[in-house]
Amino acid sequence: MAVKKIKTKDKHIKNLATIVGDASSILYQKVDLLAYECDGFTVYKHSPKAVVFPKNTNEVSALVKYCSDNQLPFLARGAGTGLSGGAIPLNNEVIISLVKMKKLLNVDLENRLAVVQPGYVNLKLTNSISDKGYYYAPDPSSQSCCTIGGNVAENAGGAHCLKYGVTTNHILGLEVVLPNGDIIELSENGILDVPGYDLLGLLTGSEGTLGIVTKITVRILKSPESKQTVLAYFDRVDDGSQAVSDIISAGIVPAALEMMDKTAIEAVESAAFPVGHPRDIAAVLLIEVDGIAAGIDEQINQILEVCKKRNVREVREAKDEQERASWWANRKTGFGAMGAISPDYLVQDGVIPRSKLPEVLKRIEQISQESGLRIANIFHAGDGNLHPLVLFDARIPGETDKAILAGSACLQACADVGGTITGEHGVGIEKREEMRFVFNDEEIIAQTNIREVFNPKNLLNAGKLFPTPGRCGEIKQVMKEATTVS
Amino acid sequence: MIATELLINLESIIPRERIKSGQNQHHHLGNNAQVSVFPTTEEEISLILKYANNHGKKISVMGGGTKRGFGGLTESVDILLSLSLYKGIVEHTVGDMTLTVKAGTTFYELQEYLAKHKQKVSLDPTWPEYSTIGGIVVANENGPKRLGYGSSRDVVIGLRNIYPDGSIIRSGGKVVKNVAGYDMNKIFIGSMGTLGVVSEVTVKLRPVAKYESLILISFKEGSIDEILMFSKALLDSVMEPVALELLSPTLSEKLTGQCTFTVAISFEDVESSVHYQEKFVKGIQPSGTEMDILSESEAQYFWHLFYTICPNGAKESAGEETEAALKIGVVNLNVLSIIKESQLLQDSYNLVVESHGGLGHGLCQVILKGSSQKVVLAIRQMRETVLKLDGYLVVKHLPFELRQKVDVWGGKPSHFFLLEGIKSKIDPQKILNPKRFIGGI
């Protein structure tokens, strides 16, 4: 096969191409760059300078060193499924795509760990070890295409994080290319608590602003002996919320506890995986319990009792694995399902103390009425992680901005009750200003001070995660106007 | 003279009755100070730090004092900041299963309070009656049940940290899932108090298990391979032990009366599940071993004893014998090699060596007692063994004098400059717990 030739005079493009070997591992022409203008957060778009596809850690290191030496802004990208804009090249970055680094390097079942490259797809790991009875726990809804490198950057969660924790609870070691090109190893062989400040924990969830992860050691778990899912329909959201609290208070730790409201049900039932949820109910709960089979029945019975006490219209267990899987497919494709009832949607990611659920849902309903936009709610009720989906039509002038402001108002509602602005999607560029809902200036500076230790030139993924000084007042003003729209 | 000036200055911040001079000057574990202060408000802590930062005074931070022998190459600093009076529950929403508590609250007090609500903090530190939640978090202390429940890094969801300049910096929050900004909690957990004073800790809680049992299987001496086979079979099953701990013969004798390698397996779940798992273990019990099943209060009593085996820095010196405690991290199944080696050290150095390690998480604790010279030699030999296994060894407890002879943390990692960088951003004057942490941080 003939090697593609570089057709540009830009010396940086030529030099970057040399590092990755040949012209087929770099994109630089405008038409080729279109797909890289944004990630799963499509509201903002910006063109990168180039996209390079390194094949190993040394190439990543050399690319980073080149960018650093030449003052070229750069960022890392996995599958581009991020929902907060963390991989959007705001500053005309060189995008270092890690999709070619997609190997499963090692599986050590006895010591319950696996080593993967960052471009390795989340679900592939579980698929490759499930025959031996093992799995990788973090299960973001995009797990069939998102990469574990991206999961580390975002500290991704998922439906089953209630019992098993989010990505950070499953990362045992990292190889990282620092923003100057140096390669460091953090707990190379997955040993716990290595002496020193916990950089592993700090790097996880740092949204690609402290370094580029090039190798990841993850914990793998033994698949539970048994699992059972219960579905419950409620005529009042309050009853559903109360049932959630009652289940947790009963000392049950469900593997997952999910809720969808009426608008969300309308969407999932209109999309690719309908399961026959009644359209007139206010809320559906999906409750999964897993563990030792001998203990499951007792917990399921307790859950059924709790739901009945809370005026459930109908509650039942999945009759077989097929039904269980169909309920989960229906839930996990919930975001995309919004496309069936709205041209565009914006998903938010607030977290609240569980007990505040009814109060916050009322507030979100108010925000919906005030903005004139429908808001569907799909959420991880067990851990209080709400995903209000603001439905809008980008073709209508001004509606995108209105949706952004309604989303922000939902986050304010979460922050007001002692919650936070993001539980698993990250801040990215989407929620930079909302960081002020939960942190004061000193606390934000405390964080940017840490960034300076790793990323002193701020060439790596600049402009993400933290609010821009001075914009705060302006945004608040616009928001105030938006929330008073009748 | 200097102490007088220090006293006068501190009296402008905190009432005289909560300032003590002379009390903490000559402890054999070090981490001493000219003056001890016992703040009861966050404002007082903040003012003390600010004062020290502005006047170049060094501070040693202490909770219950159990970890006084853990690190520290400065025999005495200016101020010992004790959080032992800064205690109490700040906020507990039962239904949310989260709790905020002041750092000086002892673990026992905390669990007693939570037990009324059938909830718990799922950590299992040593000396719960003495250890404070703040000390447990900043020293990243945990026990065998880490296998089932994780460590502080899995349990802590928010912290209030008082920086050396007196500012109060919150990290994390009060909800169980949170990715807003950097996960700053992580750098304070295990930081040995070198970055800030943690004043409040917010944790996620778990329900108290409805039933628990502990299986003790004693293996004949020298049957390491048999233990390995058994552990692999259990770990590869769908059973869900919350602890799978190998005890050395010496430790086993102390706790169970049997001087054999013993595997302790803990199950916590609904009763039917626990019994089912006990039955499974019986089914794979290797021949020639003895099995004992302790349930509920018997199991709890075993753990109660277990958490007192480590030297306690808050108690006076045990006597002429030197006591040391080591934390060793290796890849999970290499725990067998460490526990075996510890038993050999006992014989070759004429020491009493009690050790245990988690076969599902790779963390071991080795406790040595004997002459100081031999303890030091044994630590060095153990470190060599650990390094051959690509693990690490940290000295958790050793008298101050001996800490000059043994590197507590065992050398600097190649990325040490990042650790130094973090320290200098937060504590540029190096006033907090000087030389307490890795590489002299």
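The values are calculated or read from the model by the stated rules, or taken from the named source; none is laboratory data. In this text, all values refer to a predicted model and were calculated from it rather than measured experimentally. So basically every Cβ, Gly included, is an ideal-geometry build from the backbone, and we count neighbours across all protein chains shown.
Some values worked out for this structure:
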quantity	calculated
Residues that are closer than 20 Å to A:S47 by Cβ and at pLDDT below 95, drawn from region A:15-24	A:A23
Region B:333-373, subset polar (S, T, N, Q) and part of a helix (DSSP H, G or I), residue farthest from the chain's Cα centre (by Cα)	B:S348
Which numbered condition B:V376 misses (of (1) more than 12 Å from chain A (Cβ to nearest Cβ); (2) crowded, with 21+ Cβ neighbours inside 10 Å; (3) in contact with a Lys or Arg (Cβ under 9 Å, 6 or more places away or on another chain); (4) not acidic (D, E))	(2)
Cβ pairs under 9 Å, 6+ apart, first in region B:364-393 and within 14 Å of B:Y349 (Cβ to Cβ), second among the β-branched types (V, I, T) and in a helix (DSSP H, G or I)	B:V366/B:I338; B:V366/B:I339; B:V366/B:I379; B:L368/B:V375; B:L368/B:I379; B:K369/B:V375; B:M382/B:I338; B:T385/B:I338
Criterion: closer than 23 Å to A:D344 by Cβ and away from chain B (no Cβ under 14 Å) - qualifying residue of A:Y28, A:Y44, A:Y66	A:Y44
Candidate set: region B:172-216, residues that are part of a loop (DSSP other than H, G, I, E, B) and more than 9 Å from chain A (Cβ to nearest Cβ); chosen: the one farthest from B:L244 (Cα to Cα)	B:G196
Residue, nearest to the chain's Cα centre (by Cα), within region B:376-404, restricted to residues that are within 26 Å of B:V335 (Cα to Cα) and charged (D, E, K, R)	B:K396
Cβ pairs under 7 Å, 6+ apart, first in region A:329-347 and under 22 Å from A:D401 (Cα atoms), second modelled with pLDDT under 90 and among the polar types (S, T, N, Q)	A:F335/A:S141
Residue match in region B:95-107 (condition: more than 24 Å from the chain's Cα centre (by Cα), more than 15 Å from B:I133 (Cβ to Cβ) and either within 14 Å of chain A (Cβ to nearest Cβ) or modelled with pLDDT of 95 or more (or both))	yes
Filtered residue count, region B:378-422, keeping only those that are assigned to a strand (DSSP E or B) and either touching a Pro at 6+ places or on another chain (Cβ under 9 Å) or not β-branched (V, I, T) (or both)	5
Which numbered condition A:A325 misses (of (1) outside any loop (DSSP other than H, G, I, E, B); (2) among the small types (G, A, S); (3) in contact (Cβ under 8 Å) with a residue 12 or more places away in the chain)	(3)
Failed item in (1) part of a helix (DSSP H, G or I); (2) at pLDDT 95 or above; (3) of a type outside the set (A, V, I, L, M, F, W, C), with A:E185 passing the rest	(1)
Scope region B:63-93; condition in a strand (DSSP E or B) and within 19 Å of the chain's Cα centre (by Cα); matching residues	B:S82
Residue check for A:L109: more than 14 Å from chain B (Cβ to nearest Cβ) and either crowded, with 21+ Cβ neighbours inside 10 Å or in contact with a strand residue (DSSP E or B) (Cβ under 7 Å, 6 or more places away or on another chain) (or both)	no
Residue identified as out of contact with any strand residue (DSSP E or B) (no Cβ under 9 Å at 6 or more places or on another chain), buried (at least 17 other Cβ atoms within 10 Å of the Cβ), touching a residue at least 60 places away in the same chain (Cβ under 8 Å) and of a type outside the set (G, A, S) among B:L29, B:L47	B:L47
Residue in region B:217-240 that is part of a strand (DSSP E or B) and in contact with a Gly (Cβ under 7 Å, 6 or more places away or on another chain) present	no
Verdict on A:Q299 being out of contact with any Asp or Glu (no Cβ under 9 Å at 6 or more places or on another chain), assigned to a helix (DSSP H, G or I), closer than 23 Å to A:G158 by Cα and within 14 Å of another protein chain (Cβ to nearest Cβ)	yes
Looking only at region A:376-393, and only at residues there that are within 14 Å of chain B (Cβ to nearest Cβ) and of a type in the set (A, V, I, L, M, F, W, C), the one that is surrounded by the most Cβ atoms within 10 Å (Cβ to Cβ)	A:A381
Given (1) surrounded by 21 or more Cβ atoms within 10 Å (Cβ to Cβ); (2) more than 13 Å from A:T229 (Cα to Cα); (3) hydrophobic (A, V, I, L, M, F, W, C), number of the condition A:I303 does not satisfy	(2)
Answer from A:V478, A:V453, A:V485 - the residue that is at negative phi and either within 14 Å of chain B (Cβ to nearest Cβ) or modelled with pLDDT of 50 or more (or both)	A:V453
Filtered residues of region A:214-237 (kept if within 14 Å of another protein chain (Cβ to nearest Cβ) and either out of contact with any Ser or Thr (no Cβ under 8 Å at 6 or more places or on another chain) or among the acidic types (D, E) (or both))	A:R219, A:I220, A:L221, A:P224, A:E225, A:S226, A:K227, A:Q228
Unique residue being surrounded by fewer than 24 Cβ atoms within 10 Å (Cβ to Cβ) and touching a residue at least 24 places away in the same chain (Cβ under 8 Å) when the list is A:V253, A:V244	A:V253
Pairs, first farther than 16 Å from A:I248 by Cβ and more than 14 Å from every other protein chain (Cβ to nearest Cβ) in region A:282-294, second of a type in the set (F, W, Y) and part of a strand (DSSP E or B), C-beta under 7 Å, six or more apart	A:A282/A:F234; A:A283/A:F234; A:V284/A:Y233
Residue in region A:193-207 that is more than 28 Å from A:L63 (Cα to Cα), small (G, A, S), within 12 Å of chain B (Cβ to nearest Cβ) and surrounded by fewer than 24 Cβ atoms within 10 Å (Cβ to Cβ) present	no
Meets criteria (part of a helix (DSSP H, G or I) and within 14 Å of chain A (Cβ to nearest Cβ)) for B:E278	yes
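For (1) modelled with pLDDT of 95 or more; (2) closer than 28 Å to B:G88 by Cβ; (3) not in a helix (DSSP H, G or I), each residue gets a yes or a no:
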residue	(1), (2), (3)
B:L6	no, no, no
B:I14	yes, yes, yes
B:K20	no, yes, yes
B:H27	no, yes, yes
B:G30	no, no, yes
B:E44	yes, yes, no
